[in-house]
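Just below is one structure, and these are the notes that go with it.
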Amino acid sequence: MQNRTNFATKLGVILATVGSSVGLGNIWRFPFEAGRNGGSAFILIYVGCVLLLGIPCILAEFLVGRRSHANPVEAFGKLAPRTPWYLVGLMGIFTGFCINGFYCVVTGWTFSYFLTSLRGSFFEDGTDYSRFFTEFSTGTWQPILWAVLAMLAVHWVVSRGVRKGIEMSGRILMPVLFLLLLVLGVRGLFMPGAAEGLRFLFMPDFSGVTATTVLSALGQAFFSLSVGMGALLTYSSYFSDEVSLEKTAYQVAGLDTLVAILAGIVVFPAVFSFGIQPSAGPGLVFVTMPEVFAGMPLSNLWSSLFYLLLAIAALTSSVSLHEAVVAFISEHFELSRRKASLFVLMIVVCMGALCSLSIGVLGKYTLGGRNFFDMLDFLTSAFLLPFGGLLTTLFVGWKLGPASLQEELSSHGRYRVRLIKVYLFLIRFVAPICILAIFLFNLLM
Ligand code: PHE
């Protein structure tokens, strides 16, 4: 295979990888899933899923990526030649297209809301934000054009390559993201509804917990961590041996969870301050937040900062979704990075257009009550990502086995890994059994 590059610095590794994980999943999806599933109890289950299932899956993906230094399909093929394991990688590529399909639409929305906030007129008296969002998101051309614009930005970053594109964008954008989040979080804590918002987030009430809550939390954890489709695998294939996989896994899981909780602190105090229902669903940050901003002094400023935060988060995650697929296509078909990325862009834009239209003019075509957009969202987070995680842990735990785990986690003896037995147990038994149990429980209930 051709010479592959690595990320240049350790900081670059962390910022790029956290950039993949921290995304719309944390700031758009987490608050509405938490709101829909009763708040704090969901969050506790979510954190449990991250610790017991998310971290072992991240470690397993990192291991496959760095050990093979290859794209998702060839990674499995290289580590287990002449076996069907490469299909796990192929499933990841399919999942990547599916997520990208709806992700680019929401990324487009964030771009549009950011620019609309910058222009003063968004906060003129009497604007009905729910109507505004419905009219905008169900429109035919506008949302598609925004999605295309978002994908062009992603294409630009990915075409510049691993160091100049992905690593550089993480190094510039992630510090900005954390700063914005901090400013907005502090603002949230000083809202009149802060106490109620924080109670909703942190006082567990298990009365409403069902099997679906657990499946939602599991899906949310996988989606938010970017685990189960080969995005982290692809990034870790650019890690050098100096990177400690264990440390990086904790940093990614820790920062990702922190950002989700901070996003909750930005959104819920504001929501309660204005007497809005926390269970508003996907429109939460596009309908409720503008309403909240409209009632605040300096509406344009706060709103612009908030949507800039969302846009940055969305962009760096989109880059990783795109990269996993581009790495496979460019390496497998021996195409240049730019050509492969252009090809992926075209497919994603077509899927994005269908997703966007499925909210609007194609709204009457549904399957089990779900339009194409909701179907892709549900299929990927509730099924494909956990299933990908399940297969990857089985692969690492049983096919590669303890010696590879020890070798790779210790970077060939460079680092001491104290919890190796715990990781082996989690990867071999806990993660696969729990994921399977949650699937079965939901099928039978
Ligand atoms: N983790 C990203 C987010 O939270 C989404 C994502 C999922 C990115 C899977 C890559 C792979 O928004």
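No lab work stands behind these numbers, since they all come straight from the coordinates. Small disclaimer: the values here were computed from a predicted structure and weren't measured. No Cβ is skipped: glycine too gets one built from the backbone with ideal geometry, and neighbour counts run over all protein chains shown.
For segment 139-204, which chymotrypsin sites (Phe, Trp or Tyr not before Pro) are in a loop by DSSP, counting at most 12 other Cβ atoms within 10 Å? Can you show the working numbers first?
On the way: sites: Trp141, Trp146, Trp156, Phe178, Phe190, Phe200, Phe202; in loops: Trp141, Phe190.
Loop-located and lightly packed - Trp141, Phe190.
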Farthest toward the dipole's positive end in the chain, which of Thr140, Leu335, Leu201, given Cβ charges of +1 (Lys, Arg) and -1 (Asp, Glu) about the Cα centre? Leu335
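Show me the helices of the chain, taken as full DSSP H stretches, that run 15 Å or more along their long axis by Cα and average -1.0 or above in Kyte-Doolittle hydropathy. List each step's numbers first, then the result.
Working: long enough: 10-21 (17 Å, 1.28); 55-68 (20 Å, 0.90); 86-118 (47 Å, 1.30); 142-159 (25 Å, 1.62); 168-189 (32 Å, 1.89); 211-225 (21 Å, 1.31); 245-273 (42 Å, 1.36); 299-332 (49 Å, 1.10); 337-359 (33 Å, 1.58); 431-444 (20 Å, 2.52).
Span-like helices here: 10-21, 55-68, 86-118, 142-159, 168-189, 211-225, 245-273, 299-332, 337-359, 431-444.
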Inter-centroid distance (Cα atoms) of segment 83-118 relative to segment 383-445, Å: 25 Å
Taking other Cβ within 10 Å of each residue's Cβ, how do Thr138, Thr212, Thr392, Thr380 sort, fewest first? Thr212, Thr138, Thr380, Thr392
How many angstrom separate the Cα center of segment 193-225 from the Cα center of segment 305-332? 26 Å
Multiply the residue separation of Leu367 and Trp141 by 0.36 nm, subtract the distance between their alpha-carbon atoms, and state the gained length in nm to one decimal. 79.0 nm
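What FRET efficiency would be calculated for the residue pair Phe190, Gln277, taking the C-beta separation as r and a Förster radius of 25 Å, to the nearest 0.05?
Details: r = 22 Å, r/R0 = 0.89.
It comes out at approximately 0.65.
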Given 15 as the ceiling on other Cβ atoms within 10 Å, longest exposed-site-free region of the chain for trypsin sites (Lys or Arg not before Pro) in DSSP loops: 120-363
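Counting only helical runs of four or more DSSP H residues, what would the 222 nm mean residue ellipticity of the chain come to if each run contributes -39,500 (n - 2.57) and the total is spread over all its residues? Show your work: numbers first, answer last.
On the way: 21 runs with 300 residues, N = 445.
Calculated mean residue ellipticity at 222 nm is -22000 deg cm²/dmol.
So, R0 is 41 Å and r is the distance between the beta-carbons of Ser240 and Ala437; what FRET efficiency does that work out to, to 0.05? Can you show the working numbers first?
Values: r = 37 Å, r/R0 = 0.91.
That gives a FRET efficiency of 0.65.
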Under 18 Å from the Glu124 label point (7 Å along Cα→beta-carbon), backbone N, segment 139-176: none
In this structure, among Lys78/Lys399; Lys10/Lys339; Lys399/Lys421; Lys10/Lys78, pairs with alpha-carbon gaps over 21 Å are Lys10/Lys339; Lys10/Lys78
Unit charges on C-beta of K, R, D, E only; dipole of segment 10-444, Debye: 980 debye
Using DSSP to define loop residues, name the GluC sites (Glu not before Pro) in segment 114-195 whose beta-carbon has at most 14 other beta-carbon atoms within 10 Å. Glu124
How big is the chain by Rg and Dmax over its Cα atoms, in Å? 20.9, 66
For Lys164, give me every one of the aspartates and glutamates with a C-alpha distance below 16 angstrom, ignoring sequence neighbours fewer than eight places off in its own chain. Glu323
